[in-house]
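The values are calculated or read from the model by the stated rules, or taken from the named source; none is laboratory data. Model, not experiment: these values are computed from the prediction. Cβ coordinates were reconstructed from backbone atoms using ideal geometry, including for glycine residues, and neighbour counts include every protein chain displayed.
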Amino acid sequence: MWQGVGAAPGIAIGPAVVVKRSQGEVSSETGAAIDPRREEARLAEAERAVRAEIAALRERTERELGAEQAAIFTAHLLMLEDPALVGEARRLIATEGLSAVTAVKRVVAELSATLAALPDEYLRERAADVRDVGERLLAYLTGTAEQELVLKEPAVVVGTDLTPSQTARLPKDKLLGLASAAGGRTSHVAILARSLGIPAVVGLGEAWISEVRDGDLLVVDGTQGLVLVNPDSAELAAWRKRQAQEKAEKERLAALRSLPAVTSDGRRLELAANIGSPADVEVAKASGAEGVGLLRTEFLYMDRNELPTEDEQFEAYRAVARAFSPQPVIIRTLDVGGDKDIPYLGLKREENPFLGLRAIRFSLARPDIFRTQLRAILRASSYGNVKIMFPMVAALQEVRAARAHLEAVREELTAAGEKVAQRIEVGIMVEVPAAALAADLLASEVDFFSIGSNDLIQYTLAADRHNERVAYLYEPFHPAVLRLIERTISAAHRAGIWAGMCGELAGDPLAAPLLLGLGLDEFSMAASSIPVVKERLRSLSYEEAQGLARVALSLPDAEAVRALLAERRE
Ligand code: PEP
Ligand code: MG
């Protein structure tokens, strides 16, 4: 039995299909088994393929984004020609008998380290280009480039570090469950699995993945974060029984679907779903969602080779708006960066991507992409109750700049005779501590807040949400996090606007009484969590929850808060 992090609830039982990791696994094979002539030929072939790949990327980028953006690929082509890269790898194959993979890895590691240590900033930045080109070569050499996964039968997909775009590409109809060596509860793979309603366990560690082979029978318990490889027949029977019990519990909760989320003393709350595309609408509605509290639009940009057009986006947004109308649909503008890379955007590799050009920062730096998205959202607004939300706001200027783009786009559209809703609520995600601390200042310029606890926790505690080694610090009930949440909600209410939460904490039944007591108005979560949170909220009194929240805020640590909440759950 292997313990990881439960990422999406439920029990899956089925054969494993192992996805190869995104970088070459071959590390140091030297000696007799290697034929230098063959390795040189493989390297030459990889070089040719990568040259064609980069040239195509440059051509497309130039066509769609302009020459300036395409220049990075010209630099990558030059890098590929540089004798210090492929030439040096060729020399290592010939003189030291290394495989092509090992030679490229070594050259890339050494060259990028040398460049990174230089005083000149321009040269230092070339280290990232070397790594980028190196990764393309390695992806080709190890056969992992653009690997498409085909499932012949229903299976549990296993990977070292499944990326969001790999996950988005998995064939959903045959996907029973997911298990990965890396990742945490709020990694985007976990989020995707939850919105698809597929049991998932992440953060199982490297040792685990080496134990699993294609075809092994796996039990994935996404609720407890457990994975069992090749259980014996008694174990299997016990797990099948639990799977059946879980199904029955799900059916019981489904009966709550049409009941309102209202506390025993009459406080009405809004329970909405987090979704990634129109494909998620059905599951969301079936779970009783009263709207969409977060449409993560980045998934429309992933799993493809070029930007989605305005019309493509418009159609996706309109489909969701229509499906929920008159209930609200909050469309979040593109949140790229961090762990969400979109290769064709040619984002520069950053040392600290979570602190870099992410989300609204990227949108403001690329008004062409931003305005196309805003046009699509505004056009969809006349088909339902659409609200717009900007991610990762850290400063008032960002809100003002984003709103200025929105207004300009609205004028363009109305001048062209397009229909746009008269009034559209504009809100921000509060997911950077600065925004929570300055919530009073931001509240006067927006219509709502939605607390992004996933990022708020990682930025407050300086603990990467994907890094299992600091997962012990990633703690929603840390007093610092609770104070920021309290501050955000109070500032919203003082300014007469509403406050919701769309981070994973909103879907945690343990947190429900606390968030209710703090005054949260809207809870947006993975569809699969809605029934259990609704059941919990309906069993609580707002007045008592307020008392509980006051006590929780006075406690010295997360452990004490958890104990208090667990006690109230009894
Ligand atoms: C969050 O940070 O809580 C959030 C909802 O946004 P994402 O998980 O997409 O970063
Ligand atoms: Mg976020």
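General remarks:
- The criterion of being in a loop (DSSP other than H, G, I, E, B), small (G, A, S) and closer than 24 Å to A438 by Cα holds for G496.
- Residue match in segment 243-255 (condition: under 15 Å from A527 (Cα atoms), at pLDDT 90 or above and either surrounded by fewer than 20 Cβ atoms within 10 Å (Cβ to Cβ) or within 16 Å of ligand 1 (Cβ to nearest atom) (or both)): no
- Take the conditions (1) within 30 Å of P260 (Cβ to Cβ); (2) within 16 Å of ligand 2 (Cβ to nearest atom); P328 misses just one of them, which is (2).
- Flag for G143 being modelled with pLDDT under 80, closer than 30 Å to A41 by Cα and not in a helix (DSSP H, G or I): yes
- Test: residue in segment 454-467 that is in contact with a Gly (Cβ under 7 Å, 6 or more places away or on another chain), at pLDDT below 95, within 16 Å of ligand 1 (Cβ to nearest atom) and of a type in the set (D, E, K, R): yes
- Qualifying residue in segment 21-37 (condition: at pLDDT 75 or above, in a helix (DSSP H, G or I) and in contact with a Gly (Cβ under 7 Å, 6 or more places away or on another chain)): yes
- Matching residues in segment 504-560 - criterion: being of a type in the set (D, E, K, R) and in a loop (DSSP other than H, G, I, E, B): D508, D521, D557
- When segment 462-519 is filtered for residues that are polar (S, T, N, Q) and closer than 27 Å to G4 by Cβ, only N467 remains.
- Test: L178 is outside any helix (DSSP H, G or I) and modelled with pLDDT under 75: no
- Count - residues of segment 405-421 that are of a type outside the set (A, V, I, L, M), part of a loop (DSSP other than H, G, I, E, B) and farther than 20 Å from V329 by Cβ: 1
- Restricting segment 523-570 to residues that are surrounded by 16 or more Cβ atoms within 10 Å (Cβ to Cβ) and of a type in the set (D, E), the residue that is nearest to G452 (Cα to Cα): E535
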